[in-house]
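Engineer: Before we start, here is the structure in question, set down as structure tokens.
The values are calculated or read from the model by the stated rules, or taken from the named source; none is laboratory data. Predicted model, so just to flag it, every value in this text is computed and none were measured. Cβ sites come from the backbone with ideal geometry, for glycine too, and all protein chains shown count toward neighbours. Quick note on the areas: whole protein, heavy atoms, side chains included, nothing else; ligands and nucleic acids left out. Shrake-Rupley method; radii C 1.70, N 1.55, O 1.52, S 1.80 Å.
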Amino acid sequence: MMTSDSPPEMRGTWQVPIFDTPLWLGRQRSYCVVIPVINEGARIQSLLARMAAYNIAELTDIIIVDGGSTDASLGLESLQQQGVRALLVKTGPGKLSAQLRCAYAFALDQGYEGIVTIDGNDKDDPEAIPRFVDALQGGVDFVQASRFIAGGGAENTPKSRDLAIRFVHAPMLSLFSGFHWTDTTQGFRAYSKRVLLDEKVAPFRNVFSGYELLAYLSYRIPRLGYSCAEMPTVRRYPMTGDVPTKISGLKGNWSVLKVLFLACFGSYDAPAAQIGQRYPQ
């Protein structure tokens, strides 16, 4: 059942990739946790087990948005046993930002008051989720996890990534957004309903296909005067084996830098002439 608070004319402007919904048990809570995944294997099962240990499903509904996994890690019976209420499978084009547009549109259509997003690769500690929800309930519109502030922790972070975040990515977004960020590349964050529905934010556009949406929202939301906060969290990389990331190599890191510059110089801002304009789906 659709219970979106957005006016029909606004909902008609959204560009949302096509997705299937093989699992939907209905909304129980006012807030949801969105978990984007693609071929996470045992990592998503570990994350869900940790969330179950913290009773996260007693506080929020859990929604997984799959980008096209082929590793058989998302069996419906197993997901339900772990407290998952929805599985969305993106069938349209795009990567992470496209997945997030699917899940955010679905969540808003179902009437959730706010959304927490945590990566499905099991690097983030879900114990922070209740604190994120408390912040949303207290009036914060955008909560960003940070491993670099007091109370947070960064374990086994690749040195090149640590330096890039501390001395390039976070400082640049801080300068151009007007909010002091310390940890801007990770996807563990939370948004209020009202900020995602703001036409001046306009997250439901096809320009957000790869990894653009995270940098854009970190820039745009503070610029519009919304309440933002960082909260301490722990992010752990494995000590051995492959680093669980979808961004690697020269091409991947250059793409992140390109998106950063485009976001900071307003390239993704919704043109004033297009606010309220109906887009093709």
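Engineer: Filter the range 25-60 down to the residues that are in a helix (DSSP H, G or I) and under 18 Å from Pro130 (Cα atoms) and list them by number.
Structural biologist: Correct list: Leu47, Leu48, Ala49, Arg50, Met51, Ala52, Ala53, Ile56, Ala57, Glu58.
Engineer: Among the residues of the range 214-222, are any open to solvent by 10 Å² or more (accessible area, probe 1.4 Å), in contact (Cβ under 8 Å) with a residue 60 or more places away in the chain, among the β-branched types (Val, Ile, Thr) and out of contact with any His (no Cβ under 9 Å at 6 or more places or on another chain)?
Structural biologist: no
Engineer: If you don't mind, another one. Contact list please: Cβ distance under 7 Å, first residue in the range 24-51 and basic (Lys, Arg), second residue open to solvent by less than 20 Å² (accessible area, probe 1.4 Å) and modelled with pLDDT under 95, pairs at least six apart or on different chains.
Structural biologist: Close Cβ pairs (under 7 Å, with a partner that is open to solvent by less than 20 Å² (accessible area, probe 1.4 Å) and modelled with pLDDT under 95) amount to Arg43/Pro244.
Engineer: Here's a follow-up. What number of residues in the range 130-176 are touching a residue at least 40 places away in the same chain (Cβ under 8 Å), crowded, with 18+ Cβ neighbours inside 10 Å and farther than 21 Å from Met239 by Cα?
Structural biologist: So the answer is 14.
Engineer: Within the range 185-205, is even one residue outside any helix (DSSP H, G or I), in contact with a helix residue (DSSP H, G or I) (Cβ under 7 Å, 6 or more places away or on another chain), open to solvent by 30 Å² or more (accessible area, probe 1.4 Å) and of a type in the set (Ser, Thr, Tyr)?
Structural biologist: So far as the range 185-205 goes, yes, one or more of its residues are outside any helix (DSSP H, G or I), in contact with a helix residue (DSSP H, G or I) (Cβ under 7 Å, 6 or more places away or on another chain), open to solvent by 30 Å² or more (accessible area, probe 1.4 Å) and of a type in the set (Ser, Thr, Tyr).
Engineer: Continuing with this model, one more query. What about Asp125, is it more than 26 Å from Thr13 (Cβ to Cβ) and either open to solvent by less than 30 Å² (accessible area, probe 1.4 Å) or more than 18 Å from the chain's Cα centre (by Cα) (or both)?
Structural biologist: Yes.
Engineer: Then there is this: Any residue that is under 20 Å from Arg27 (Cβ atoms) and under 20 Å from the mean Cα position of the chain (by Cα) - is there at least one of those in the range 67-78?
Structural biologist: No - not one qualifying residue is present in the range 67-78.
Engineer: Another question, then. From the list Asp71, Asp61, which one is open to solvent by 10 Å² or more (accessible area, probe 1.4 Å) and either among the acidic types (Asp, Glu) or without any contact (Cβ under 8 Å) to a residue 24 or more places away in the chain (or both)?
Structural biologist: Among Asp71, Asp61, only Asp71 is open to solvent by 10 Å² or more (accessible area, probe 1.4 Å) and either among the acidic types (Asp, Glu) or without any contact (Cβ under 8 Å) to a residue 24 or more places away in the chain (or both).
Engineer: Those residues that are outside any strand (DSSP E or B), closer than 18 Å to Ser46 by Cα and at pLDDT 70 or above, I need them from the range 228-262; list them, please.
Structural biologist: Matches in the range 228-262: Thr233, Tyr237, Pro238, Met239.
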